[in-house]
Amino acid sequence: MTLTPAAVADLSRSTSDTLYLQIAERLARSIRNGTLARGARVPSVRELARQQGVSPSTAVQAYRALEDARLIEARPRSGYFVAARPARLPEPEPSAPLVASVEVDISSRAEQVLKMAMSPDHISFGAVCPSADLFQQERVRRAVSRAAQRHRDTLCTYPIGPGHLDLRRAIARHALGMGCQLDARDLLVTNSCLESISLCLRAVTQPGDVVALESPTHFSFLELLQSLHLRALEIPTHPRTGLSLDALQLAFDTQPVKAVLAVPTLSNPLGSSMTLADRRRLAQMVSQRGIPLIEDVIYNMLAERDDMRRAVKAFDTGGDVMICGSFSKTVAPGLRLGWVEAGRWSSEVRRLKAVHSGAHTELLEHAMADLLTQPGHESAYRQLRATIAARIDAARGLIAESFPKGTRITEPAGGFILWVELPGGLDSMALFQACLDRRIAIAPGNMFSATERFRHCIWLGLGGRWDAAQQAALREVGAIAGRLLAG
Ligand SMILES: Cc1ncc(COP(=O)(O)O)c(C=O)c1O
């Protein structure tokens, strides 16, 4: 490869980018885990530069990134201090166990909410789709046009097979960041994470089978189960540490569980992340029973801490974990590219993929391979994490100020989703309707279970626009909740 002057400039820019973001991330971690207390003074720019062996301008950049994330604040003539965190609300209770599996029927509920969430007439907290400004659009655009120049022949060639090897190699490298050593040849490229999960479910279940999953869980999973005529067994989940493995063990002992579907890192909607010990134990549990674990790692790169990015698949020795990911939330939703390594079921999943949707646009595969292997890629993740952390902090602060007393809220270590438990038995469907009258869309909690058990909760997606109107709308949701509770 020849390095042009522009490429050299790009490279050195991305190296220094990485450096200041690395320092910012280390400090952010110390703030979030309490090592640097709220209100405490942080080193001066000069001290930081000396401690980290960097130039003062890199130290200033690191502090700017932390200021943008509202983790530190500059006080005139006094230096930098750890910012006061928005008032703390208690976290929701762990969910209660369901004794038996149930048939799923949630599509109509989800359809109505999604329609409102996508409507341009509404201010929406109901969409799972991050908005375009969260991504490095120019970088993506350049990668696509480079691919179009270099691989123009592919546009008129019928694609076949499991995905271009360059992309599968790039995904295998990407998976190293989750502690997984995957063989590129075992990877299958898909259209999306949901397609990967759907293929895995089809490969390991028959209609009527029982699938264990977190409770509450992502409504699209429930819709998938419904479409495949599978039964849902909802396993209690802790808002911080995720799936209860004791409850899952009991389910294995007492119910005919055919597969487990879980999001061990930043689950949707709770934002919970399992401990490393639990991840190891989960891998052992499924391998002892020979029950497949369909692991969704879509949010792993958004986790604040490295250890939470480690997948359960990293502990899988017998091929019992089917790992599914995509780049919809982290790199470029519009490229529609996901992947799966289906362990013992790889050939069946590959066959199903060929039957149902075949291969896809090779050009976009090249663009994604390029994006994943560029030197600036890690720093793009860091920037994304910092931006959404700032939003989540701000949104939690607004909720603490404007929602009725007794409200509980999750404190996810990454990601852009908040789960709010409303006080006094307030019905989220009533709140949903009242918000619609004010042209605000939220997602009521009952979409996140096959039963009505989360009617007192709401889901807030903060990945969309985040401006003054959005912030006012969030306060308004709190005010409406207060009025409903009083009336
Ligand atoms: C946990 C989880 N998995 C999968 C998806 C879907 O991802 P994709 O668009 O790649 O199918 C979402 C969000 O929509 C999600 O929250």
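The values are calculated or read from the model by the stated rules, or taken from the named source; none is laboratory data. All of these numbers come straight from a predicted model, not from anything done at the bench. Cβ placement follows ideal geometry from the backbone for every residue including glycine, while neighbour counts extend to all protein chains displayed. Side chains included, ligands, DNA and RNA excluded: accessible areas come from the protein's heavy atoms. Shrake-Rupley method; radii C 1.70, N 1.55, O 1.52, S 1.80 Å.
For segment 430-439, 3J(HN,Hα) computed residue by residue from phi via the Karplus equation (6.51, -1.76, 1.60; θ = phi - 60°) reads 5, 5, 4, 5, 5, 5, 4, 4, 9, 6 Hz, glycine and proline entered as x.
Put simply, the amide H of R231, placed in the peptide plane, has neighbours under 5 Å in G208, D209, V210, V211, leaving out anything fewer than 5 places away on its chain. Excluding ligands, DNA and RNA, the accessible surface per residue across the chain is 42 Å² with a 1.4 Å probe. Simple spin-label estimate for T361 and D306 gives 3.6 nm between the two label positions (7 Å along the Cα-to-Cβ direction from each Cα). Each Lys and Arg contributes +1 and each Asp and Glu -1, all at the Cβ; summed about the Cα centre of the chain, the dipole is approximately 1240 debye.
Run the helix sum for the chain: -39,500 (n - 2.57) per DSSP H stretch of 4+ residues, divided by residue count, reported at 222 nm to the nearest 500 deg cm²/dmol. Could you put the intermediate results ahead of the total?
Values: 16 runs with 214 residues, N = 487.
Only helices count here, giving -14000 deg cm²/dmol.
The phi-based Karplus calculation (6.51 cos²θ - 1.76 cosθ + 1.60; θ = phi - 60°) puts the 3J(HN,Hα) values of segment 198-215 at 4, 4, 5, 4, 4, 6, 10, 10, 10, x, x, 6, 9, 10, 8, 8, 4, 10 Hz, whole numbers, x for Gly and Pro. Annotation for E67 and D427: the two label points, set 7 Å from Cα along the Cα-Cβ direction, are 4.9 nm apart.
Test of the criteria: in segment 381-458, which GluC sites (Glu not before Pro) are in a DSSP loop and have at most 16 other Cβ atoms within 10 angstrom of their Cβ?
E452
Protection proxy ranking of 459-466, 276-283, by the mean of other Cβ atoms within 10 Å over each peptide's residues and highest first, is 459-466, 276-283. Extension gain for the segment K405 to L176, taken as residue separation times 0.36 nm less the Cα-Cα distance, is 78.0 nm to one decimal. Only residues of segment 454-487 count here: report those whose backbone N is under 13 Å from the spot 7 Å along Cα→Cβ of L436, or say none. Flagged as within label range: none. Heavy-atom accessible area, probed at 1.4 angstrom with all protein chains present, ranks K329, K405, K353, K258 as K405, K258, K329, K353, highest first. Approximating the spin labels as points 7 Å out from Cα along Cα→Cβ, the D253-to-Q288 distance works out to 1.0 nm.
Accessible surface of the chain, 1.4 Å probe: 51 percent of it comes from carbon and sulfur atoms.
Note on E138/M118: beta-carbon distance plugged into 1/(1 + (r/R0)^6) with R0 of 30 Å gives a FRET efficiency of 0.75. Annotated for the chain: lysine pairs at least 8 residues apart or interchain, Cα distance under 28 Å, count 6. In segment 23-58, whose amide N lies under 15 Å from the spot 7 Å out along Cα-to-Cβ of E378? List them in ranges. What the label zone holds, given the 15 Å backbone N cut-off, is 23-27.
Between D153 and T241, full extension at 0.36 nm per residue minus the direct alpha carbon distance yields a gain of 26.8 nm.
The alpha carbon centroids of segment 301-363 and segment 114-176 are separated by 15 Å. Ranked by the mean number of other Cβ atoms within 10 Å of their residues, highest first, the peptides 284-296, 354-366 come out as 284-296, 354-366. Heavy-atom accessible surface of F315, to the nearest 10 Å², is about 40 Å², with a 1.4 Å probe and all protein chains retained.
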